[in-house]
Amino acid sequence: MKIHEYKKNYAQWGAKMLLSISLITLSASCNKTGENEFIITGKADGLKDGTEVYIKKQDSTGLVNIDTVKVQGGKFEFEGNVTEPRIHFLQVKDVQGGFPFVLENGEIEISVNKDTIAKSKIKGTYSNDQLMTYSTEYDKVSKRMRAYQEANMAKWQEAAATNDTVTRNALIKGNKIYEDEFMKLMVNEIEKHPKSYLSLLFVGQMVNQPGQDPAKLKKYYEALDEKLKNTKEGKKVKKSIDGLSSTAIGSVAPDFTAPNPDGKMVSLKESLGKVTIIDFWASWCGPCRAENPNVVALYNEFHPKGLNIIGVSFDKTGEAAKWKEAIAKDGLTWTQVSNLKHWQDPIATLYGVQSIPATYLLDANGKIIAKDLRGEELKAKVASLLGA
């Protein structure tokens, strides 16, 4: 290569390098947030100046407010620090509903839909971009599911009134098609986006769903980004997955001891019958209370043949009276225990229970035979085990 060509190419290369360095510097200077910081810039077209906008988070008492700003010129802005990603909710004063988003490090943009806040838009950080993509697909499946349920509502009500289990089971099977689609969306997010906070959230949700394979959940978890796994929530999910392995079907149910309504300590081991149901519930849990009449009928029919039940309540500290009142009102005559620690109950952690009602079915040796069976399915299983 001739010397003048070398100089020319070197000059071009140098210019490109300077341009690249300039772009990197510009990019860095445009980043408004440092480590563990967030900025939320919002567009609020149609909202009056002075309208309050809130950021809220969920805790054991419900939604609690963590910050408030006011709309000015159709805009608003939040700034703050965040060490770990977590779902929060944006709410507007006098506007019904809230908008979920991931509060995480970075610049987040929210466009508020003042008429239907759930239709607001968000972008800017990786997890929130994924949330918008997921929400779009979720809404499509949800719309088809609602159409199916509305079209079959009359059939369901008639079947319930006439105790037509064949029709009810057929409708449940039809509805399960959409439940399976929701599951596919979750798995797709987990497998394709291991750095998304949604992936960690979904693995956590799957832990307590019936029929989950602990080995598969562990595989999903291990594929997540290390930063997610090292969060408090990430460590909690891992603990739940580890707990699933010890409470898998075929394993001996971990023993536990807790106080009954009279304060006496009662263990699982001493409560076993030929067949035993561990029934996780709470006085504040509507679905649990709705299921209780079925459990009462099951117990009355099969207890003389060897069925025992031990109820584990996730009632809250200081609310023993509500727990005892629910036991009496619902006619729950079997063994009941509770540490009155809500979701922090050590038995919940031991069994990886994250939603209720939840049930474990045990044989005479305390081995786990099935999980989360209800209604006719539970009755049939108990009957077959007791030879009734």
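Here is how the numbers come out for the structure above:
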{"quantity": "Count - residues of segment 337-380 that are among the charged types (D, E, K, R) and farther than 22 Å from residue 168 by Cβ", "calculated": "4"}
{"quantity": "Test: residue 143 is under 27 Å from residue 198 (Cα atoms) and part of a loop (DSSP other than H, G, I, E, B)", "calculated": "no"}
{"quantity": "Near pairs, Cβ below 6 angstrom, 6+ apart or cross-chain, from segment 71-83 (within 8 Å of residue 49 (Cβ to Cβ)) to any residue that is surrounded by 13 or more Cβ atoms within 10 Å (Cβ to Cβ)", "calculated": "71/44; 71/47; 71/51"}
{"quantity": "Within segment 315-344, considering residues that are of a type in the set (A, V, I, L, M) and not in a helix (DSSP H, G or I), the one surrounded by the most Cβ atoms within 10 Å (Cβ to Cβ)", "calculated": "337"}
{"quantity": "Per-region count, segment 136-161, residues farther than 15 Å from residue 184 by Cβ, of a type in the set (Gly, Ala, Ser) and within 23 Å of the chain's Cα centre (by Cα)", "calculated": "0"}
{"quantity": "Residues located in segment 302-334, provided they are β-branched (Val, Ile, Thr) and over 30 Å from the mean Cα position of the chain (by Cα)", "calculated": "333"}
{"quantity": "Residue selected from segment 302-314 under the condition free of Cβ contacts under 8 Å to residues at least 40 places away in the same chain and either assigned to a helix (DSSP H, G or I) or of a type in the set (Ser, Thr, Tyr) (or both), by the criterion surrounded by the most Cβ atoms within 10 Å (Cβ to Cβ)", "calculated": "313"}
{"quantity": "Hey, residue 297 over 15 Å from residue 362 (Cα atoms) and in a strand (DSSP E or B) or not", "calculated": "no"}
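Just so you know, all these numbers are worked out from the coordinates, no wet-lab data involved. Computed from a prediction, not measured in an experiment: that's the story for all the values here. Quick reminder, even Gly has a Cβ in these numbers, built from the backbone with ideal geometry, and neighbours come from all protein chains shown.
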